Amino acid sequence: MNSQPRRVENLQTDKGKVPVYATGIVEQPWDDYSPADHDTWSKLYARQREILPGRACDEFLAAQDAMGMTPDRIPRFSELNRVLSAATGWTLMGVEGLLPELDFFDHLANRRFPVTWWIRRPDQIDYIEEPDLFHDLFGHVPLLMNPMFADYMQAYGKGGVKAHGIGADALQHLTRLYWYTVEFGLIRQADGLRIFGAGIVSSKGESIYALESAAPNRIGFDLERVMRTRYRIDSYQKTYFVIDGFEQLMRATEPDFGPIYARLAGQESLPAGKVLDSDHVYQRGTGEGWPTDADV
Ligand code: HBI
Ligand code: FE
């Protein structure tokens, strides 16, 4: 489908110029995808599946195979939903793009994952700023087949709805938890560190960088440490956090976050590249190539 989504051009908001997408749920226009769209999916799928064995965690690879994603063309959400809803009760729904946070949290809280219906153009194959169908479907969706991760994502959504009611600081702290786990998380396996974050598994460059580069820090996951830590939007991460397993994520979201937000309110946010004496350090990065501009 060559027509790009209805994108309300960069509105001036209190956060400066941000791309604001027309929100709303859309049926996947599967018959309208062009041959170029299917070819982009197929190229990206093959390229990632070429480099992910040995890099992505076992659960991710097993789940992607169990879902029966079609490598040669864009999968139909309706077909994936049959398998996914039977496995963990999650369903996919098509959206135009980034949703307002409360909408997004509410969908997660009800086991609905929003998937962008359009895929990047061929000339964007190596990088696209906003999440497209490949990022969401290839990156985020497979792990929703894993019961522990599926529970974590729903708990995160419920927490997000609550945090939205508390205020911006709570939301900022919770967004960092999403960023350093769901998007850019690493996990420890018996045979080494592996990737589970969607932002990494959907990117060739970062799939290699996150595990093999000497530049970034790799630090053991600690909930409040993560929630204090700024991050990068437009470059590879300066720090990757490593969970011991999905149970650790589940346990982390069990307590009421109220007291945690209260504690965090009195603490400085940490620069993305900082290492604390209290950190469990897998790698203290060299910092080579780190951007010098401000972290988010
Ligand atoms: N909307 N469709 C979509 N997908 C996301 O991943 C997403 C979003 N809106 C907000 C958002 N992510 C982030 O702010 C999360 O940290 C909440
Ligand atoms: Fe994402």
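The values are calculated or read from the model by the stated rules, or taken from the named source; none is laboratory data. Every value quoted in this text rests on a predicted model; they were computed, and no experiment measured them. Heads up, the Cβs are rebuilt from the backbone with ideal geometry, glycines too, and the neighbour counts pull from every protein chain shown. All accessible areas refer to the heavy atoms of the entire protein, side chains included, with ligands and DNA or RNA removed. Shrake-Rupley method; radii C 1.70, N 1.55, O 1.52, S 1.80 Å.
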Dmax and Rg, reported as Rg then Dmax, of the chain (C-alpha, Å): 18.4, 55
Rounded accessible area per residue of the range 71-184, 1.4 Å, Å²: 37 Å²
Roughly speaking, what is the stretch gain from D244 to D169, that is 0.36 nm per residue apart minus the C-alpha to C-alpha distance, in nm to one decimal? 24.3 nm
Whole-Å distance, taken between Cα centres, linking the range 147-186 and the range 256-296: 17 Å
Kirkwood hydrodynamic radius (C-alpha pairs) into Stokes-Einstein, the range 1-166, 25 °C and 0.890 mPa s, D in µm²/s: 147 µm²/s
Quick one: length gained pulling S235 to V26 fully straight, 0.36 nm per residue minus the C-alpha distance? 72.2 nm
In sequence order, calculated HN-Hα J values of the range 139-144 (Karplus, 6.51, -1.76, 1.60; Hz; x Gly/Pro): x, 8, 5, x, 5, 5
Output the 0 to 90 degree angle, nearest 10, between the alpha-carbon long axis of helix 147-166 and the longest principal axis computed from the alpha carbons of the chain. 70 degrees
Under 19 Å Cα to Cα from K158, which aspartates and glutamates show up? Leave out anything in the same chain fewer than 8 places away. E101, D103, D106, D169, E183, E224, E247, E254, D256
Could you give P(r) for the range 167-296, binned at 10 Å from zero, as whole percent values over all Cα-Cα pairs? 12, 46, 34, 7, 0
The range 125-158: which chymotrypsin sites (Phe, Trp or Tyr not before Pro) are DSSP loop and have at most 11 other beta-carbon atoms within 10 angstrom? Y127
What is the sum of charges, Lys and Arg at +1 and Asp and Glu at -1, for the other residues whose Cβ falls under 13 Å from the Cβ of S85? +2
In the chain, if the dipole is taken from +1 on Lys/Arg beta carbons and -1 on Asp/Glu beta carbons about the Cα centre, which of Y33, I195, L102 is farthest to the positive end? I195
Note the angle between two axes, namely the Cα long axis of helix 168-178 and the longest principal axis of the Cα atoms of the chain, as a number of degrees from 0 to 90, rounded to the nearest 10. 70 degrees
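State, as an integer percentage, the relative contact order of the range 1-166 based on alpha-carbon contacts under 8 Å between residues 6 or more apart. Mind showing how you got there, number by number?
Numbers: 228 pairs, mean separation 42.5, N = 166.
Computed over the range 1-166, the figure is 26 percent.
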Whole-percent carbon and sulfur contribution to the accessible surface of the range 170-285 (1.4 Å, no ligands, DNA or RNA) stands at 48 percent
Cα-centre dipole for the chain with unit charges at Cβ (Lys and Arg positive, Asp and Glu negative), debye to 20: 260 debye
Excluding I195 itself, calculate the net charge of residues whose Cβ lies under 10 Å from the Cβ of I195, where each Lys or Arg counts +1 and each Asp or Glu counts -1. +1
Kindly express, to the nearest 10 degrees and within the range 0 to 90, the angle between helix 58-67's C-alpha long axis and the longest C-alpha principal axis of the chain. 20 degrees
Can you work out the FRET efficiency for the pair D123 and A62, with r the C-beta to C-beta distance and R0 = 30 Å, to the nearest 0.05? 0.35
Accessible area of R49 in the full protein assembly, 1.4 Å probe (Å², nearest 10): 60 Å²
At R0 = 35 Å, how high is the FRET efficiency between R251 and T286 if r is their beta carbon distance? Nearest 0.05 is fine. 0.60
